[in-house]
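Visitor: This is the structure I want to talk about, given as structure tokens.
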Protein chains: 4
Amino acid sequence: MEEALFLKTYVAEFLGTFMVVATGTATMALTNADPLTIGLAFGGTYAVAYYAFDGLTLGEFNPAVSLALAINHQLKWAEMIGHVLAQILGAILASGFVYLSAINLGTTGSNIGQTTSNLTDPMILLVEGLLTFFVVLVYLRVNPTETSGAALINGLVIVALSVAAYSLTGPALNPARAIGPAVYVGGKALFQLGDYVLAGLIGSVCAAIIHRLLKTDHSSQKTD
Amino acid sequence: MEEALFLKTYVAEFLGTFMVVATGTATMALTNADPLTIGLAFGGTYAVAYYAFDGLTLGEFNPAVSLALAINHQLKWAEMIGHVLAQILGAILASGFVYLSAINLGTTGSNIGQTTSNLTDPMILLVEGLLTFFVVLVYLRVNPTETSGAALINGLVIVALSVAAYSLTGPALNPARAIGPAVYVGGKALFQLGDYVLAGLIGSVCAAIIHRLLKTDHSSQKTD
Amino acid sequence: MEEALFLKTYVAEFLGTFMVVATGTATMALTNADPLTIGLAFGGTYAVAYYAFDGLTLGEFNPAVSLALAINHQLKWAEMIGHVLAQILGAILASGFVYLSAINLGTTGSNIGQTTSNLTDPMILLVEGLLTFFVVLVYLRVNPTETSGAALINGLVIVALSVAAYSLTGPALNPARAIGPAVYVGGKALFQLGDYVLAGLIGSVCAAIIHRLLKTDHSSQKTD
Amino acid sequence: MEEALFLKTYVAEFLGTFMVVATGTATMALTNADPLTIGLAFGGTYAVAYYAFDGLTLGEFNPAVSLALAINHQLKWAEMIGHVLAQILGAILASGFVYLSAINLGTTGSNIGQTTSNLTDPMILLVEGLLTFFVVLVYLRVNPTETSGAALINGLVIVALSVAAYSLTGPALNPARAIGPAVYVGGKALFQLGDYVLAGLIGSVCAAIIHRLLKTDHSSQKTD
């Protein structure tokens, strides 16, 4: 990767994460939307961002994915930290935009698409961890920046898991997406934020390990 | 581009914009549809039109996209004006068709899918401008006429932004789509039309600038 | 096309049309489904059938498409008639299957997904004709049997037009799909059947003409 | 296939079936979801699993598909039995995960997405058999592990048939998916389980036979 690309990579991670979080959480908060609509807003935007920012970044828009790429030597540790900071900044600004829109629309602004759960803490870790594991594993096995079809597959896993876990954990599937709204609304979303972030890390590490175990010469041709 | 192709380009821009506006606004006005259905009607038809009219036109169907292509020297300024006129004509005839259908069905015809917003004027500019920025940026980075997959990606961004901004600005995401119905129903839709058109221009110019800044040798291979 | 392929072609047209009509009309009649669900049942099954029966047939599953292919010399007139008969037989058996399922489920069987409209007869011709024109034009310009992506584009136009015209004409978009259920339920569906079939023919002829006018050396490489 | 790939194949069949059954049945049981949402949760996850586990397995995640592949000599009989056992184990653990989540969420756990039908037994056999026939035939003709587009086509047939047969048989479309929840909830789901499994076998055998009859030199290039 050339030197000049560095700043562009961070801009891409920022813009992509902004798009995903703004679109998904605005749909949750401002549109009277059912779980499928919310899932498609998130998953569709991930697919668009994966494909649109290809060539500038590995296109993660998710700290859990960035971490797994670093574990698997596809991303340097220092770069990974830069990506994650750009993602968190994008998510926080996106939630600020949704918050501003909600206030202007005349709502109380207490719902800006934050993640909360009625499960016990260990169960949040299990559910979010398992879901993030699948999201990251699919990313590692199917590089979404290769073809638009692969971008759709990586968006589709977000859609399916979003509707499945709607009543369980929201879900976040991405620590940055959990952080963004929690900063503004505080309360339960902030209180449970540790669970969501920790679950993301656990899912990421497990996916990186299983990905290595499953790797074959055949599959590596396609996914790397 | 050959001389003989000129007229065909305008026919394609007219037919594509007619399809998009007729399908999307008819779904809003005549089908008791939720935001996802409306978003898929618009986004799905854009994807179909992008792919189906490839070879005849750059496939914009949106003045904001045509303007950005002209700024980036991918379309001559005179041609751009022709494209935009064909798009506006297509949108106005499409709304006439929806108006005629609504009357024949026995409704008052006061809802033909026009765009209106409860936001303040500056907020309309911010929201529509930001959304149009993303629509145009994705188009500039992922040429929808190249593969059906890229056409789907460009349709998907319309779906996701349509559901996210449903309660904010409609949204239009395309000045021609805002003009079409406003001509027939007047009132608030006509009153706010300036905001929608101006927001489209601002989003277009910003996307053209950011696209140039983000351009790399690698990405230009794919998106040009 | 070899001699041995002939029978397989008719089996493919029969199976594909059976799948499309059974899936779409069962969703209308037996699932408490909104217009989007119905549109996706029809459009999704068209996409699947287009791709799955490629290599056996041009994959029309729609008399309006078969007619346009014959007009454009892509299908012999005698073969076209065979395809259309296989399509009508598939549609009628599919509606029989839905009728049998409805009775076994304990409904009256008076709703098996038939097409009816509250529009005036000339307006039915205009709406169905215009919609079928777009369906056939997209098919002629984007061969759905070439790639799975093109199959999706041809399915997507069905989804978008189905939701847009849900309250106008159903819609049929395919004379065989209108014939199937009308045979069993009679009444208004049978009374208006002439409108639907005639609209299909008009849309088909117009699409074949416009397709020729729009054809360029560039586009013919891709669509033929 | 190398010796070392064997265990990985079983892990892939286990993980893929776990993903499909957990996502689909959790959506049915825990999200207040309409038939389209449920269909997209199942079909979307199949598409993701088909593409993500390519290179490790033929990617069946369904005993009806594995059986048809064995009949058509694409899978050895001994391997097929191993695949089916891994699939059933994945489905049972997935239902255990959904059961645990339901209890933790405070529901009675009596709905974990099991399949039941109000049809008569012969009609269950006819409906499930016919639907599984189409699912397997599409798989045999369009290898989902080849491109992401083909994976989407195989997911789409699940979406369309799921919404069409929602009120008829659930549907299962996959004996492993019927077995998973029935183990925990018993009752009607367990009582009718024989019908679902038998229907899957009948559909599989019929699809294998029709696939052979329809095979041409042209189509075999693409689907094998």
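Visitor: Being assigned to a helix (DSSP H, G or I) and facing chain B (nearest Cβ under 7 Å) is the filter here; which residues of the range C:138-150 pass it? Don't jump to the end; show me each part of the working.
Guide: Residues of the range C:138-150 that are assigned to a helix (DSSP H, G or I), as a first pass: C:138-141, C:148-150.
Selection gives C:VAL138, C:ARG141, C:GLY149, C:ALA150.
Visitor: Being crowded, with 22+ Cβ neighbours inside 10 Å and β-branched (Val, Ile, Thr) is the filter; apply it to the range A:54-73 and report the residue that is modelled with the lowest pLDDT.
Guide: My answer is A:THR57.
Visitor: Moving on to the next point. For D:TYR51, work out the one condition from (1) crowded, with 24+ Cβ neighbours inside 10 Å; (2) modelled with pLDDT of 95 or more; (3) among the hydroxyl-bearing types (Ser, Thr, Tyr) it doesn't fulfil.
Guide: Just one mismatch for D:TYR51, condition (2).
Conditions (1) surrounded by 24 or more Cβ atoms within 10 Å (Cβ to Cβ); (2) under 18 Å from A:VAL157 (Cβ atoms); (3) free of Cβ contacts under 8 Å to residues at least 40 places away in the same chain; (4) touching a Phe, Trp or Tyr at 6+ places or on another chain (Cβ under 8 Å), marked per residue:
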site	(1), (2), (3), (4)
A:PRO35	no, yes, no, yes
A:ILE38	yes, yes, no, yes
A:TYR46	yes, yes, no, yes
A:LEU75	no, no, yes, no
A:GLY82	no, no, no, yes
A:ALA86	yes, no, no, yes
A:LEU89	no, no, no, yes
A:ILE92	no, no, no, no
A:VAL98	yes, no, no, no
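Visitor: Which members of the range D:188-208 meet the condition of being without any contact (Cβ under 8 Å) to a residue 24 or more places away in the chain and farther than 18 Å from D:GLU60 by Cα? Please lay out each step first, then the result.
Guide: Start the filter on the range D:188-208 by keeping residues that are without any contact (Cβ under 8 Å) to a residue 24 or more places away in the chain, which leaves D:190-191, D:193-194, D:197.
Those that are without any contact (Cβ under 8 Å) to a residue 24 or more places away in the chain and farther than 18 Å from D:GLU60 by Cα: D:LEU190, D:PHE191, D:LEU193, D:GLY194.
Visitor: Output the number of residues of the range B:117-135 satisfying the condition of being surrounded by fewer than 19 Cβ atoms within 10 Å (Cβ to Cβ) and touching a Ser or Thr at 6+ places or on another chain (Cβ under 7 Å).
Guide: Total satisfying the criteria: 0.
Visitor: Here's something else I'd like to know. I'd like to verify a number: residues in the range C:16-62 that are more than 7 Å from chain D (Cβ to nearest Cβ), under 20 Å from C:ALA150 (Cα atoms) and assigned to a helix (DSSP H, G or I), how many?
Guide: So the answer is 9.
Visitor: Sticking with this structure for a sec: So which residues in the range C:59-82 are under 13 Å from the mean Cα position of the chain (by Cα) and either among the charged types (D, E, K, R) or over 20 Å from C:PHE133 (Cβ atoms) (or both), if there are any at all?
Guide: The one that is under 13 Å from the mean Cα position of the chain (by Cα) and either among the charged types (D, E, K, R) or over 20 Å from C:PHE133 (Cβ atoms) (or both): C:GLU60.
Visitor: What is the number of the single condition among (1) more than 14 Å from chain A (Cβ to nearest Cβ); (2) outside any helix (DSSP H, G or I); (3) modelled with pLDDT of 95 or more that D:LEU131 does not meet?
Guide: So D:LEU131 meets the others, but not (2).
Visitor: Within the range C:88-125, track down each residue that is among the small types (Gly, Ala, Ser) and either at positive phi or away from chain B (no Cβ under 14 Å) (or both). Step through it out loud before you land on a result.
Guide: So in the range C:88-125, the residues among the small types (Gly, Ala, Ser) come out as C:90-91, C:94-96, C:101-102, C:106, C:109-110, C:113, C:117.
Correct list: C:GLY90, C:ALA91, C:ALA94, C:SER95, C:GLY96, C:SER101, C:ALA102, C:GLY106, C:GLY109, C:SER110, C:GLY113.
Visitor: Is it the case that some residue within the range C:2-11 is within 9 Å of another protein chain (Cβ to nearest Cβ) and aromatic (Phe, Trp, Tyr)? Even if it seems obvious, please write down each step before you answer.
Guide: The initial filter retains those residues of the range C:2-11 that are within 9 Å of another protein chain (Cβ to nearest Cβ), namely C:2, C:4-5, C:8, C:11.
Then keep just the ones that are aromatic (Phe, Trp, Tyr); that gives none.
Among the residues of the range C:2-11, not one is within 9 Å of another protein chain (Cβ to nearest Cβ) and aromatic (Phe, Trp, Tyr), which makes the answer no.
Visitor: Here's something else I'd like to know. Hey, does the range D:90-107 have a residue that's of a type in the set (Ser, Thr, Tyr), modelled with pLDDT under 95 and under 14 Å from D:GLY16 (Cα atoms)? Outline the logic, then answer.
Guide: Step one: of the range D:90-107, the residues of a type in the set (Ser, Thr, Tyr) are D:95, D:99, D:101, D:107.
With the extra rule that they be modelled with pLDDT under 95, the set shrinks to D:107.
When the remaining residues are screened for being under 14 Å from D:GLY16 (Cα atoms), the result is none.
Taking every residue of the range D:90-107 in turn, none turns out to be of a type in the set (Ser, Thr, Tyr), modelled with pLDDT under 95 and under 14 Å from D:GLY16 (Cα atoms).
Visitor: Still on this structure, please answer the following. Would you confirm whether any residue within the range B:151-163 is at the interface with chain A (Cβ under 7 Å from one of its Cβ atoms) and in a loop (DSSP other than H, G, I, E, B)? Please lay out each step first, then the result.
Guide: Here is the first cut: in the range B:151-163, the ones at the interface with chain A (Cβ under 7 Å from one of its Cβ atoms) are B:152-153, B:156-157, B:159-161, B:163.
Imposing the further condition that a residue be in a loop (DSSP other than H, G, I, E, B) reduces the set to none.
No, because not a single residue in the range B:151-163 is at the interface with chain A (Cβ under 7 Å from one of its Cβ atoms) and in a loop (DSSP other than H, G, I, E, B).
Visitor: Something else: Could you run through the range A:180-196 and say how many residues are under 18 Å from A:LEU119 (Cα atoms) and surrounded by fewer than 18 Cβ atoms within 10 Å (Cβ to Cβ)?
Guide: Matching residues across the range A:180-196 total 5.
Visitor: Name the residues in the range A:100-116 that are surrounded by fewer than 24 Cβ atoms within 10 Å (Cβ to Cβ) and assigned to a loop (DSSP other than H, G, I, E, B), would you?
Guide: A:GLY106, A:THR107, A:THR108, A:GLY109, A:SER110, A:ASN111, A:THR116
Visitor: Taking the range D:164-195 as the region of interest, how many residues are touching a helix residue (DSSP H, G or I) at 6+ places or on another chain (Cβ under 8 Å), in a helix (DSSP H, G or I), more than 19 Å from C:ALA47 (Cα to Cα) and hydrophobic (A, V, I, L, M, F, W, C)?
Guide: 8
Visitor: Something else now. Within the range B:146-199, track down each residue that is among the polar types (S, T, N, Q) and at pLDDT 95 or above.
Guide: Going through the range B:146-199, the residues among the polar types (S, T, N, Q) turn out to be B:147-148, B:154, B:162, B:167, B:169, B:174, B:192.
Hits for the range B:146-199 are B:ASN154, B:SER162, B:SER167, B:THR169, B:ASN174, B:GLN192.
The values are calculated or read from the model by the stated rules, or taken from the named source; none is laboratory data. Keep in mind it's a predicted model, so treat the numbers as computed, not measured. When we count neighbours, we look across all protein chains shown, and the Cβ atoms used for this are built from the backbone with ideal geometry, even at glycine.
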